[in-house]
Amino acid sequence: MDAKLLDILVCPLCKGPLLYKKNENELICKADRLAFPIKDGIPVMLEDEARKFPPEVEIK
């Protein structure tokens, strides 16, 4: 992921910051408990495509 792109990307729902998880190839929004996938180097910032974290899972 391009560092400049990471600096300007925010969660499409809450406009909050995102965490980049390189190993999982995802951008994570802690506030909304969503993980947005990165496919072919392009973040897919759609709520329908995001993986939801269950309440019992701690997001690091």
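The values are calculated or read from the model by the stated rules, or taken from the named source; none is laboratory data. Fair warning: this is a prediction, and the values are worked out from it, not measured in the lab. Every residue, glycine among them, receives a Cβ derived from its backbone with ideal geometry; neighbour counts consider all protein chains shown. Note: accessible area is taken over every heavy atom of the protein model, side chains too, but ligands, DNA and RNA are not part of it. Shrake-Rupley method; radii C 1.70, N 1.55, O 1.52, S 1.80 Å.
Taken over the stretch 35-60, residues that are farther than 14 Å from Met1 by Cβ and either in contact with a helix residue (DSSP H, G or I) (Cβ under 7 Å, 6 or more places away or on another chain) or in a loop (DSSP other than H, G, I, E, B) (or both) amount to 10. Of the residues making up the stretch 48-58, those that are open to solvent by 40 Å² or more (accessible area, probe 1.4 Å) and either modelled with pLDDT under 95 or polar (S, T, N, Q) (or both) number 5.
Would you please name the residue that is least open to solvent (accessible area, probe 1.4 Å), looking only at residues in the stretch 1-33 that are basic (Lys, Arg) and not in a loop (DSSP other than H, G, I, E, B)? Applying the filter and picking the extreme gives Lys21.
For Val44, the criteria (1) open to solvent by less than 100 Å² (accessible area, probe 1.4 Å); (2) over 9 Å from the mean Cα position of the chain (by Cα) hold in every case but one, which is (2). From the list Ile28, Ile38, Ile42, the one residue that fits, being among the hydrophobic types (A, V, I, L, M, F, W, C) and either on the phi > 0 side of the Ramachandran plot or out of contact with any Phe, Trp or Tyr (no Cβ under 9 Å at 6 or more places or on another chain) (or both), is Ile42.
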